[in-house]
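Data block below; observations after.
The values are calculated or read from the model by the stated rules, or taken from the named source; none is laboratory data. Bear in mind that the values here come from a model prediction, so they are computed numbers and not experimental data. So basically every Cβ, Gly included, is an ideal-geometry build from the backbone, and we count neighbours across all protein chains shown. The area values use the complete protein model at the heavy-atom level, side chains included, leaving out ligands, DNA and RNA. Shrake-Rupley method; radii C 1.70, N 1.55, O 1.52, S 1.80 Å.
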Amino acid sequence: IEIYNLHVDCKVTSRFAHTVITSRIVNRANESREATFEVEIPKTAFITNFSMSMDGEVYPGIIKEKAAAQSEYDTAVSQGQSAGLVKITDRKLEQFHVSVSIAAASKVTFELTYEELLKRQLGKYELLIKVQPKQLVKHFQIDVHIFEPQGIHFLEADSTFMTNELTEALTKVQNETKAHILFKPTLDQQKKNSELNETLLNGDFVVRYDVKREATAGDIQIVNGYFVHYFAPQEMPVFPKNVIFVIDRSGSMTGRKIEQTRDALLKILRDLRPEDHFSFITFNNKVVEWKSSLLPATQENVASAAALVQTLTARGGTDINGALLAAVGVLEKAQQLPERSVSMIILLTDGQPTSGERSVEIIQENVQKAINGKYALFCLGFGFDVSYKFLEKMALSNGGIARRIYENADAALQLQGFYQEVATPILMQIEMHYPENSIEGLTKNNFKLFFEGSEITVSGKIRDDLDLLPVEIKAQSHTSNLTLKEEANVKEKEQVFQNQRYIFGNFIERLWAYLNIQQLLEEAISAPEEDQKALEAQALDLSLRYSFVTPLTSMVVTKPKQQEELANKPTEAG
């Protein structure tokens, strides 16, 4: 079985990435063999299309509602079920896997399409392409086309498997608003050495870039009556933070986990700013407050906290409820905190509540009541014994986010990376206003916090007769209350994309659908049960209308001889 052609073609238009992976395979044996198409794609992406072509026939993937697809599938495969086609493989990726039997000397072409909105983190967008052909490929090619009407500020392409020879196969052409990255290694360049037919191509191919920003009220782009508004203010004063680290030191954290936690906390302590206030709570079945109040991040206080972190050991149970309520208590009674500051609780745990209150519903209720919208709660789940669903609901109900920390060699870096994302809040209470009677289907337009290096994205549908789209942004910065205004000329904005050859026409409409689905699914996690159904119904409707494989839909992969398989989107909460 030989992959003789593998092409990854990615077009990024105004941060919306549309990727098509095509693999052509031939069976050189004189009997039928199994041909496999196995690719890893970003977790944040939605598959939109898949097909197999062989012997002049095309076998499409058909996207349906999950329950409907499942019952149809169960009927077809009553003798026992084949495994799902998509599974999470690591922190950033999930794997799509299909195999089909092909006759001697026959060929098959697999084609997979997926889309995602690139998210700005720490000042850059990252496009990740996993490269793992597992064999030498005669025609191997990655094309990345980028078009950013705001202008490209910087651009780099890099991979975890680059050698001097492979660098020669990489070319980058760019002008003010466009870039084309081409990676096309020959067979010789792909080889580990000239004697062995082993490939060097195994790892991540990453493109990172950022755009130029001039307008203070962000940038608006319009195509076919849909708009997207990007807002990422720069060079603003940073809010002082009041942060409480709530650290699990129960028995299950023993060994590597507690060591990695210590390493990460020592580095995070060094990153605190002098105007920040902080404290620590550690917990097993007992909850221990390092100090009864928040302390300013002076050199002495940071050194004294570092000494405590060095001594952290793990044993005992897990009282998550007691620890979080203690953290809220410390924030409640804090004195002399800077008037305009951001208070947050960062919880790190690796298990289920086993001491104190054990009901996750009651813990969620207690914490939400205690926080009462005043502080942001960030929950980090270490490993796979945590109830990620519980942590995610608790974080989203309290203005924060949840993350899973994977138990790899780089766990300390994952913890630090997360902290860096939330370390520099520069705006609070951001409201993005648009003329109510002229916009439909507006995505989320108010945000509690904005962190430096990230980006706010709002999208919606413009009524036909609108010539000018006025926007107003209200927010609090560390020093003042801001009001920013901007007006977009609808016809002029529409022109920008008219002449671009490689852009798929309705990309802002698809971006709007993608963003809407992501936000509806996230809202459903922390919504009361009766609202949850309505939110999921909306997300399902959009998933079907725009052909996205989301947690609510399945793709039925059709095969020769009336065979079918199902591709479902896995979620972090399982």
Mean separation of Cα pairs under 8 Å and 6+ residues apart, divided by the residue count of segment 171-316: what relative contact order is that in percent? 19
Can you give me the pair-distance distribution of segment 241-423, C-alpha pairs, 10 Å bins, whole percents? 10, 42, 39, 9, 0
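So with the 1.4 Å probe, I'd like the accessible area per residue for segment 2-212, rounded to whole Å².
Per-residue value: 45 Å².
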Whole Å is fine, so just give me how far the alpha carbon centre of segment 159-224 lies from that of segment 86-112. 23
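Using a 1.4 Å probe, what is the accessible area per residue for segment 241-423, in Å²? Before the final figure, lay out the partial values.
Working: 7500 Å² over 183 residues.
That works out to 41 Å² per residue.
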In whole Å, how far is the Cα centre of segment 286-332 from that of segment 138-158? 45
Whether segment 388-509 is rounded, prolate or oblate, judged on the alpha carbon gyration tensor where a/c under 1.5 counts as rounded: prolate
Could you work out how far helix 529-545 tilts from the main Cα principal axis of the chain, as a 0 to 90 degree angle to the nearest 10? 30
Find, among the chymotrypsin sites (Phe, Trp or Tyr not before Pro) in segment 430-511, those assigned to loop by DSSP (not H, G, I, E, B) with at most 10 other beta-carbon atoms within 10 angstrom. none
Of Lys124/Lys474; Lys241/Lys485; Lys87/Lys184; Lys333/Lys369; Lys138/Lys191, pairs whose Cα-Cα distance is over 18 Å: Lys124/Lys474; Lys241/Lys485; Lys87/Lys184
For segment 288-335, give the percent of accessible area contributed by carbon and sulfur heavy atoms, probe 1.4 Å, rounded to a whole number. 52
Value of Rg to Rh for segment 231-308 (Rh from inverse mean 1/r over Cα pairs, i.e. Kirkwood): 1.04
When the accessible area of segment 406-523 is split by element with a 1.4 Å probe, what percent falls to carbon and sulfur? 44
Using Cα pairs under 8 angstrom and six or more residues apart, how large is the relative contact order of the chain, in percent? 17
Checking the a/c ratio against 1.5 first, then a/b against b/c, what shape does the Cα gyration tensor give for segment 84-179? prolate
Just to confirm the number: angle between the C-alpha axis of helix 66-76 and the first principal axis of the chain, 0 to 90 degrees, nearest 10? 40
For Arg358, Arg15, Arg340, what's the largest-to-smallest order of accessible area, 1.4 Å probe? Arg358, Arg340, Arg15
Of all C-alpha pairs within the chain, those more than 44 angstrom apart amount in percent to 23
Can you tell me how segment 2-212 classifies by the Cα gyration tensor, rounded, prolate or oblate, using a/c under 1.5 as the rounded cut? oblate
Can you give me the angle between helix 388-397 and the longest principal axis of the chain, using Cα atoms only, in degrees from 0 to 90, rounded to the nearest 10? 60
From the phi angles alone, apply the Karplus equation (6.51, -1.76, 1.60; θ = phi - 60°) to segment 138-149 and give each ³J(HN,Hα) in whole Hz, x where the residue is Gly or Pro. 4, 10, 10, 7, 10, 10, 10, 9, 10, 10, 10, x
Normalised by the number of residues in segment 241-423, what is the relative contact order in percent for Cα pairs under 8 Å and 6+ residues apart? 25
Of all accessible surface on segment 27-186 at a 1.4 Å probe, what whole percent is carbon and sulfur? 47
Which entries of Lys192/Lys267; Lys130/Lys212; Lys43/Lys533; Lys11/Lys461 show an alpha-carbon separation above 32 angstrom in the structure shown? Lys192/Lys267
